[in-house]
1. Would you say Thr268 is in contact with a strand residue (DSSP E or B) (Cβ under 9 Å, 6 or more places away or on another chain) and open to solvent by 50 Å² or more (accessible area, probe 1.4 Å)?
2. Looking at the structure I just gave you, is Pro189 at pLDDT 95 or above and either surrounded by 21 or more Cβ atoms within 10 Å (Cβ to Cβ) or touching a His at 6+ places or on another chain (Cβ under 6 Å) (or both)?
3. Go through the stretch 337-363 and count every residue that is over 23 Å from Leu60 (Cα atoms), touching a Gly at 6+ places or on another chain (Cβ under 8 Å) and open to solvent by less than 20 Å² (accessible area, probe 1.4 Å).
4. Output the residues belonging to the stretch 121-153 that are of a type in the set (D, E, K, R) and either under 30 Å from Leu233 (Cβ atoms) or in contact with a Gly (Cβ under 6 Å, 6 or more places away or on another chain) (or both).
5. Looking at Ser253, is it within 19 Å of the chain's Cα centre (by Cα), open to solvent by 40 Å² or more (accessible area, probe 1.4 Å) and small (Gly, Ala, Ser)?
6. Residue by residue through the stretch 369-391, note down the ones that are more than 20 Å from the chain's Cα centre (by Cα) and crowded, with 20+ Cβ neighbours inside 10 Å.
7. Output the residue which, of all residues in the stretch 289-319 that are of a type in the set (D, E, K, R) and part of a loop (DSSP other than H, G, I, E, B), is nearest to Asp95 (Cα to Cα).
Amino acid sequence: MSTHASTHASTPISTHHPIAVIGAGLGGLAAARVLHIHGIEAAVYEADASPTARHQGGMLDLHGESGQAALRTAGLYEEFRALVHPGGEATRIIDKDGTVRHENGPAEGDRPVEGDRPEVDRNDLRRLLLDSLPEGTIRWGAKVTGARALGGGRHEVTLADGTGFTTDVLIGADGAWSRIRPLLSPATPAYTGISFIEADLHEAATRHRAAAELVGSGSMFALADGKGILTHLESDGSVHAYVALKADEDWLSTIDFTGTSTSTSTSTATATATAKKTLLTHFEDWDDRLRALIADADGALVPRLIHALPVDHRWERTAGVTLLGDAAHLMSPFAGEGANLALLDGAELATALAAHPADPESALTAYERSLFPRSHRAAGESAANLTFMFGPNALEELVGMMSGHEPADR
């Protein structure tokens, strides 16, 4: 079964779905998959024009109690294991001089690290979920512009092309800037004070050998002076780097990454070269192999502001609608929980709906009863990790955490 054929939304407003999921990210797809294996149809609306319209991101470490548990519920655990990146769980912590301060694995020669948080490419995982759904489940190119309550738990959703639909159960799985969240909560994501610039080194082992040898076979953290360079070795052999700095919210907008931000247009390549020089001024005393992750990056750099919802975000039970994933609990990436919680949210919500087929309100109540405390814990951990990772003693604290003990001065 495949959903890879693009199905554009052209439905009249009279179209009705018992269950509608807004967003075909990991959480929304997990919900649709678990509903499907219980014989319950859900319509998924996704703004992207196709499954390959944009890159979905890099490597994910899936936690046993959340992401992996969700895939077991979805009946996809064995298929997931076949996608795991061997050695991807290896971790290095490096100081700005290029000295390895902590490392776990590979322990013997090139033997891959095997642990309880295997790494998988987000694109591969999403494709697995997409292929597990019946043809036509996803309405591609269907951008939601708004939603309103009709009473009795029913909602009407409008799309950018002027069409729309109604639904008995509306699931907002549409990410950080959710169009469904305003039905439940006035909260909006706030800037965390951290800005990312993403970069890639392709064919790293052969084209960027020194940098590839430094970052290792899995994840690498280099932290100092309130900034960092974080990397993953991707399953295709490229190194994906996140250059992270504490900065004002408008700082990224002062850098032209594309050649179109000033009145004098320049090529993207020229803009990228200039942006690299600007970034490198913040890492002047760092090891050349770490600086190479910026200087030698292939292709354009991608700027990204890191936002988060309030740690204690929740809402009053509202008939016929709920949220999952980033729409419910957007947090910084520094606890590694975002995708894991989205998968678990989707699986648990669908399981609750399947257990109460004639009483969706009981299902939504049960789901949110578990959702709020677990998202509060994870968001709190993420916020605390962000604070220490960009604090004055970041490297020592991270080494202590990874080594299984806390530094004495923490």
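The values are calculated or read from the model by the stated rules, or taken from the named source; none is laboratory data. Being a predicted model, the structure only gives us computed values, none of them experimental. Reconstructed Cβ throughout: ideal geometry from the backbone, glycine too, with neighbour counts over all protein chains shown. When the accessible area is computed, the model is the full protein with side chains, heavy atoms only, and any ligands, DNA or RNA have been set aside. Shrake-Rupley method; radii C 1.70, N 1.55, O 1.52, S 1.80 Å.
1. So Thr268 fits the description; yes.
2. yes
3. Of the residues in that region, 0 qualify.
4. Step one: list which residues in the stretch 121-153 are of a type in the set (D, E, K, R), which gives 121-122, 124, 126-127, 131, 135, 139, 143, 148.
Scanning the stretch 121-153 gives Asp121, Arg122, Asp124, Arg126, Arg127, Asp131.
5. It is false that Ser253 is within 19 Å of the chain's Cα centre (by Cα), open to solvent by 40 Å² or more (accessible area, probe 1.4 Å) and small (Gly, Ala, Ser).
6. Listed by number, the list holds a single entry, Phe390.
7. Step by step, filter the stretch 289-319, then rank; the result is Asp296.
Rundown of residues vs (1) in contact (Cβ under 8 Å) with a residue 12 or more places away in the chain; (2) open to solvent by less than 30 Å² (accessible area, probe 1.4 Å); (3) closer than 15 Å to Asp121 by Cβ, yes/no style:
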{"residue": "Ile37", "(1), (2), (3)": "yes, no, no"}
{"residue": "Tyr45", "(1), (2), (3)": "yes, yes, no"}
{"residue": "Asp48", "(1), (2), (3)": "yes, yes, no"}
{"residue": "Met59", "(1), (2), (3)": "yes, yes, yes"}
{"residue": "His63", "(1), (2), (3)": "yes, yes, no"}
{"residue": "Ala70", "(1), (2), (3)": "yes, yes, no"}
{"residue": "Glu79", "(1), (2), (3)": "yes, no, yes"}
{"residue": "Leu83", "(1), (2), (3)": "yes, no, yes"}
